[in-house]
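Take a look at the structure below.
The values are calculated or read from the model by the stated rules, or taken from the named source; none is laboratory data. Note that the coordinates shown come from a computational prediction; the quantities given were computed from them, not determined experimentally. So basically every Cβ, Gly included, is an ideal-geometry build from the backbone, and we count neighbours across all protein chains shown.
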Amino acid sequence: MSNEKDDGVCENKLCIDLDIKCDIGNGLAQGIDSINVNNNNSTISVSACANCGKGEEESHKLKSCTACKLVKYCSRDCQIAHRPQHKKECRRRAAELYDEKLFKQPPPKDDCPICFIRLPSLDSTGWRYMTCCGKVICSGCCYAPVYDNKGNEVYEMKCAFCRTSYPTSDEEAVERLNKRMEINDAIAIHDVGSYYRDGRNGLPQDHAKACELWHQAVELGFTEGYTNIGFAHNNGEGVEVDKKKAMHYWELAAIGGDVYSRHNLGKTI
Ligand SMILES: [Zn+2]
Ligand SMILES: [Zn+2]
Ligand SMILES: [Zn+2]
Ligand SMILES: [Zn+2]
C-alpha cells in the first residue's frame with residue numbers, strides 16, 4: 001500500500017507540512033520513520049512520530065516499533081493509537097524480517113585449532129569436543145597418526161591439542177566436564193545436559209535439569225542447544241508438550257546454523 005501520490009509526493013502530514021518528497025518508497029509504512037530530505041544540496045535526516053507527526057526536535061526520544069522497525073513513536077499512547085492502522089503492515093514486515101533471518105546463510109563454523117581447516121557442520125561425525133582443554137578439534141586431527149623418532153606409529157590416546165590423556169572412565173569425563181562448567185564452557189554445560197536427559201555416564205535421568213542446562217548453554221552462545229530444547233517441547237520431556245514452542249526453538253537453532261533443526265523444520269513445515 002503506497003502513501004505516495006502519483007507525483008511521488010508523500011501524502012503524510014509531516015511531508016505535506018514541510019513540502020518535501022519523502023523516500024519511504026514502495027508503501028513501506030503508514031506514518032513515517034526516517035526521511036532523507038535533500039535541501040539545498042545538503043542531506044538531513046528527519047524523524048517523526050507515525051501517529052502525531054511530532055518530530056525528533058520536539059520529542060527527542062522517538063522509539064522504533066520493535067517488531068517491524070518501520071515506524072517511530074513519541075510515546076506509548078501514540079503507538080497504541082496508531083496500532084489499528086499499523087497492525088497489518090507491521091505483521092507483514094515482521095514476518096519478512098524473520099524469514100530473512102531464518103533463510104539466510106548461517107554463520108560459518110570455527111576453524112580447527114590444529115589444522116585451521118573449517119570444522120564440518122555435522123556434529124559428532126566430523127569433530128570432537130575435548131573435555132580437557134575445551135577445544136573442538138576436527139576428526140582428521142584427532143585420528144591423524146603420531147610417530148616416534150624411529151617412524152613407528154604410536155597410539156597415545158591423548159588430546160591432539162593439549163596432549164592430556166583421554167579420560168579413562170565416564171566418571172572421569174564427567175569430572176572434567178564439571179570443571180569446564182565452572183568456567184561457563186557452553187559445550188560442557190550442554191553435554192552434561194544431554195547426559196541428564198539420557199541418565200548416562202553415572203548421572204540420573206532428569207529431564208528438567210537437562211532443559212535447564214541446555215538453556216544455560218544457549219545463553220552462553222551454543223545455539224545448537226536449541227535443538228534439544230525443541231525436542232523436549234516436542235516430546236514433553238521435562239516440560240509440557242508444545243509443538244509450537246518446539247518449532248520456535250528449532251527455528252532459533254536453524255538461525256544459528258544447526259543442520260538437524262533445519263532438517264526437522266523442513267520435515268515439519
Ligand atoms: Zn506521537
Ligand atoms: Zn511495527
Ligand atoms: Zn584439524
Ligand atoms: Zn586438550
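When 158, 135 are checked against the criterion of being among the charged types (D, E, K, R) and out of contact with any strand residue (DSSP E or B) (no Cβ under 7 Å at 6 or more places or on another chain), 135 stands alone in meeting it.
In the stretch 154-165 there is no residue that is among the aromatic types (Phe, Trp, Tyr), surrounded by 12 or more Cβ atoms within 10 Å (Cβ to Cβ) and part of a helix (DSSP H, G or I).
Among the numbered conditions (1) surrounded by fewer than 18 Cβ atoms within 10 Å (Cβ to Cβ); (2) of a type in the set (A, V, I, L, M); (3) in contact (Cβ under 8 Å) with a residue 40 or more places away in the chain, the only one that residue 144 does not meet is (3).
Can you pull out every residue in the stretch 88-105 that is touching a helix residue (DSSP H, G or I) at 6+ places or on another chain (Cβ under 7 Å) and either surrounded by 15 or more Cβ atoms within 10 Å (Cβ to Cβ) or among the aliphatic types (A, V, I, L, M) (or both)? Once the filter is applied, which keeps residues that are touching a helix residue (DSSP H, G or I) at 6+ places or on another chain (Cβ under 7 Å) and either surrounded by 15 or more Cβ atoms within 10 Å (Cβ to Cβ) or among the aliphatic types (A, V, I, L, M) (or both), the stretch 88-105 yields only 102. Taking each residue of the stretch 224-244 that is in a helix (DSSP H, G or I) and looking for partners that are among the polar types (S, T, N, Q) with beta-carbon atoms closer than 6 Å, six or more apart or interchain, yields 227/261. Scanning the stretch 118-136 for residues that are out of contact with any Phe, Trp or Tyr (no Cβ under 6 Å at 6 or more places or on another chain), among the β-branched types (Val, Ile, Thr) and either surrounded by 12 or more Cβ atoms within 10 Å (Cβ to Cβ) or at pLDDT 95 or above (or both) gives a single hit, 131.
Screening the stretch 115-152 for residues that are part of a loop (DSSP other than H, G, I, E, B) and basic (Lys, Arg) and picking the one that is nearest to ligand 3 (Cβ to nearest atom) gives 135.
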